[in-house]
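Encoded as structure tokens, the structure appears first; notes follow it.
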Ligand SMILES: Nc1ncnc2c1ncn2[C@@H]1O[C@H](COP(=O)(O)OP(=O)(O)OP(=O)(O)O)[C@@H](O)[C@H]1O
Ligand SMILES: [Mg+2]
């Protein structure tokens, strides 16, 4: 380590260094098997290509991972985000639905309820889910994993109730813009991610939110004794996390033009937690990185893309994914790096 | 007669990013001695110990145990070689029972499973030897810091070791407990054990140590027989300049601060079921009120009630004449009350955050989440207090957890001074702080007090309470038994009062 110039050492210490390296490596793998991986074309005014595709598909995960980051930073966890997506998706799909009518001799689709209202309702329901979680964790003092397990289990049932056990299809075209549309050539979903990111970064760096969340995550007692209302903070963090799940639900529902209470957002909580960890935020709480979680989400999506484009048989693609994730986590483990460092140092000394 | 040293550390160097914690440090231990390792906060005492026990790897230097070069890679390895340590920050498992903590890692086994009965009996016996009689099956966290410290000591005493290291083991113990610890140490010494003892209490050093090694800024300054080094010389060697303890020691309360005539905080019949019996207490701006009492007398409980941590079941609190409810620290902070807790590691520092962030934390909490202090203002405040309190650090962006114990304590004091409080509760504020810094901090507290701060001062060192307090409220068994004015008070007086209540 000593022989490396300091700038390199500082770079390697940067929290985003390892997630960044991982993402670059994954991209290289992709390029190796698919020379046109980075190629971007313009088709009918939209950017089009693998990278754009990955970004677009990663949007819901990025949103949820951003919310999850804050929860994890307070030493918590929210395993109900997938269920929240199902509920919100069911709400928005049932409210919009849509039917074909003929107006002045032109065929148009109309929504059951005005679209803005439906979207607000879906987000409100997601927020409600978060308030419930927050109440259990911050109010009743339950263990976060148990508290959110309740909604995780019950949530899909609730979604089924809303959709009356059916898969609700949406026919109202303007709604498809959210998940499939383009603006100035770039997918609309990415604007949504950028907006949420901007708001979060603003809150974290221009208010004391980041400081308070980290203090509560590192030492809740000391934070409380310093006059921070740790409970209120934790409560709102869960609410916010569910809200990001609600936004993700809009994109997902719009993208597949339907709401499926059983499968919408399935295992999304696990991917989100994984993205946060890959991004370098410790599950033990404390220091966190929103950018890291975005990188983590992209790593997961790029990996999925690579697995599919390599033609790995579907039976084993989960195994491959697990192995890669295992490797990445290993590289990022402080303990392992310290061990390697010590070992190299000692042998170096002996030589 | 020449006795071979049992342990020699030589030429030890260790640097952390930005600091040379140890520069060519050395230490020699002989069998059957108690060796005091002395030095100011940040001198490198704990780091030297950590190098010895394999927690930190030295950059250079050698360690010889019985003539053999050793380089322990972890605590377990050091323990197998016969080197046991009690670290400065208690590192036991708060959720496990006291008995489990004492025996963890070396449970006596039966044919099937662990022999819990024996463990509890032995643990109780070990503690009884230190005159601690508690229920060893309860979790460690349910006991105060002092008891936890005794448990950590009991754990170390039961291991078979050639070298026993105690890094500030007595910082929250009262005199009786210290004496019992010393008895135990003398017995171990007779058996030929070499004991390293780190403390900032000079009285304790002279009471127990045979020889003294002094470190300053990570450097070895000298090794002296305790009998030939005078107290004043010891202080001067540690600090590296002349310090006159006596000039500070005088009770300066005589030079009257302008004491407000109405109390800032006034408690009437304040109490909680299972905690404090109802008590009355008035705290005036410009006055230091000391809380006198033994361990478990309710000093910390009193503080917690006044800071809204524990909820009072009875009584009223008036702040500046207005009746208020203090249901959370947040509210107390809003009324200008500040509280430096005694358990620095668990209730004070936010270890991974920088010194700057730790210092402005309470101020920011008071301003609220949306009135964020700009980074530049934060740095200015942090720099100001680092300078003013003499916090030894390379810069303000270092995680506070990397500071030496005493410097962490100063940073916590800075956290509260930065909020410009009207009343400051100090629970063991000088715990783990070196003699020079202790005097400086007490001066600072006095100066703040003269500027109109009300101070509630808690310390297990009665002499310190007497020295700084204008008025002492005496507690016993979670009950306030009376008050003594500062100029009438001496240790005899206070202890007589405590004993009198017993009759
Ligand atoms: N892990 C670490 N990383 C960076 N710096 C460290 C670390 N541990 C200790 N230091 C620095 O090394 C120096 C020596 O610290 P050490 O804890 O050994 O002091 P000490 O003599 O035990 O002081 P005290 O009496 O306050 O306990 C200090 O300047 C401290 O900030
Ligand atoms: Mg120390």
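Expressed as a whole percent, how much of the Cα-Cα distance distribution for segment B:336-493 exceeds 19 Å?
Roughly 55 percent, once rounded to a whole number.
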Query raised in the report: How would you classify segment A:132-276 from its alpha-carbon gyration tensor, with a ≥ b ≥ c the square roots of the eigenvalues: rounded for a/c under 1.5, else prolate if a/b is greater than b/c, otherwise oblate?
Result: oblate
Query - Relative contact order (percent, whole number), chain B, Cα cutoff 8 Å, 6+ residue spacing - result: 16
Query raised in the report: For B:337-345, what's the mean count of beta carbons from other chains sitting within 10 Å of each residue's beta carbon?
Result: 2
**Report entry** Projected-area mean, segment B:304-346, by convex hull of Cα positions, square nanometres
**Finding:** 3.3
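So what are segment A:44-332's ellipsoid semi-axes, whole angstrom, largest first, if each one is the square root of 5 times an eigenvalue of the alpha-carbon gyration tensor?
Values: eigenvalues 200, 110, 66 Å².
In descending order the semi-axes read 32, 23, 18 Å.
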Report task. Can you work out the PRE-style zone for residue A:42? Point 7 Å along Cα to Cβ, and I want the residues of segment A:180-198 with backbone N under 18 Å. Result -> A:182-188
Query raised in the report: What does the convex hull of the Cα atoms of segment A:118-161 come to per residue, in Å³, rounded to a whole number?
Result: 62
Query raised in the report: Ordered by packing density, taken as the mean number of other Cβ atoms within 10 Å over each peptide's residues, highest first, how do B:227-238, B:305-316, A:239-250 rank?
Result: A:239-250, B:305-316, B:227-238
Query raised in the report: Ranking A:142, B:9 by Cβ neighbours within 10 Å, fewest first, what do you get?
Result: A:142, B:9
Report summary line: Rounded to one decimal in Å, the inverse mean reciprocal Cα-Cα distance for segment A:122-217, i.e. its Kirkwood radius, is 16.9
Query raised in the report: Which percent, to the nearest 5, of DSSP beta bridges fully inside the protein assembly as shown are antiparallel?
Result: 60
Query raised in the report: Going out from 0 in 20 Å bins, what whole percent of all Cα-Cα distances in the protein assembly as shown drops into each bin?
Result: 13, 39, 32, 14, 2, 0
Query raised in the report: Contour minus end-to-end for residue B:117 and residue B:370, with contour as 0.36 nm per residue of separation and end-to-end as the Cα-Cα distance?
Result: 85.5 nm
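Extension gain residue B:280-residue B:57, at 0.36 nm per residue separation less the Cα-Cα distance, in nm?
74.9 nm
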Report summary line: Log10 I(q)/I(0) at q = 0.14, 0.32 Å⁻¹ for segment B:412-459, from Debye over equal alpha-carbon scatterers, is -0.31, -1.42
Query raised in the report: To the nearest 0.05, how large is the calculated FRET efficiency for residue B:492 and residue B:183 if R₀ is 35 Å and r is the Cβ-Cβ distance?
Result: 0.90
Report task. Could you work out the mean count of beta carbons from other protein chains within 10 Å of each residue's beta carbon in B:322-329? Result -> 2
Query raised in the report: Working out 0.36 nm times the residue gap between residue B:160 and residue B:316, then minus their Cα-Cα distance, what length gain in nm do you get to one decimal?
Result: 50.8 nm
Query raised in the report: How big is D for segment B:354-420, in µm² s⁻¹ as a whole number, if Stokes-Einstein is applied with the Kirkwood radius of its Cα pairs at 20 °C and 1.002 mPa s?
Result: 184
Report summary line: Within 10 Å of the Cβ of an average residue in A:117-123, the count of other chain Cβ atoms is 0
Query raised in the report: If you wrap a convex hull around the Cα atoms of segment A:201-301, how much volume per residue is inside, in Å³?
Result: 112
Query raised in the report: For residue B:96 and residue A:150, FRET efficiency with R0 = 22 Å and r from the beta-carbon atoms, rounded to 0.05?
Result: 0.15
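Which three semi-axes in whole Å describe the equivalent ellipsoid of chain B, each the square root of 5 times a Cα gyration tensor eigenvalue, listed largest first?
Square roots of five times the eigenvalues give 38, 27, 23 Å.
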Query raised in the report: Counting alpha carbon pairs within less than 8 Å and at least 6 residues apart, what relative contact order, in whole percent, applies to chain A?
Result: 30
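Tally the DSSP beta bridges in segment B:7-239 and give the antiparallel ones as a percent, rounded to 5.
55
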Requested in this report: Set the Förster radius R0 to 22 Å, insert the Cβ-Cβ distance between residue A:31 and residue A:318 as r into 1/(1 + (r/R0)^6), and round the FRET efficiency to 0.05.
Outcome: 0.40
Query raised in the report: Could you work out the helix-only [θ] at 222 nm for chain A, with each DSSP H run of four or more residues adding -39,500 (n - 2.57) and the total divided by the number of residues, to the nearest 500 deg cm²/dmol?
Result: -22500 deg cm²/dmol
Report summary line: Least to most buried among B:330, B:106, by other C-beta atoms within 10 Å and fewest first, runs B:106, B:330
Requested in this report: Run through the DSSP bridge list for chain B and note the antiparallel percent, rounded to the nearest 5.
Outcome: 55
Query - Residue order, fewest to most surrounding Cβ atoms within 10 angstrom, among B:337, A:167, A:199, B:386 - result: A:199, A:167, B:386, B:337
Query raised in the report: How long, wide and thick is segment B:7-239, going by the Cα atoms along their three principal axes, in whole angstroms, largest first?
Result: 51, 36, 35
Query raised in the report: Expressed as a rounded percentage, what relative contact order does segment A:107-242 have, with Cα pairs under 8 Å and six or more residues apart?
Result: 40
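Only the coordinates and a few stated rules stand behind these numbers; no lab work does. What you see is a predicted model, and the numbers here were worked out from it, not measured in a lab. All Cβ positions, glycine included, derive from the backbone under ideal geometry; neighbour counts span all protein chains shown.
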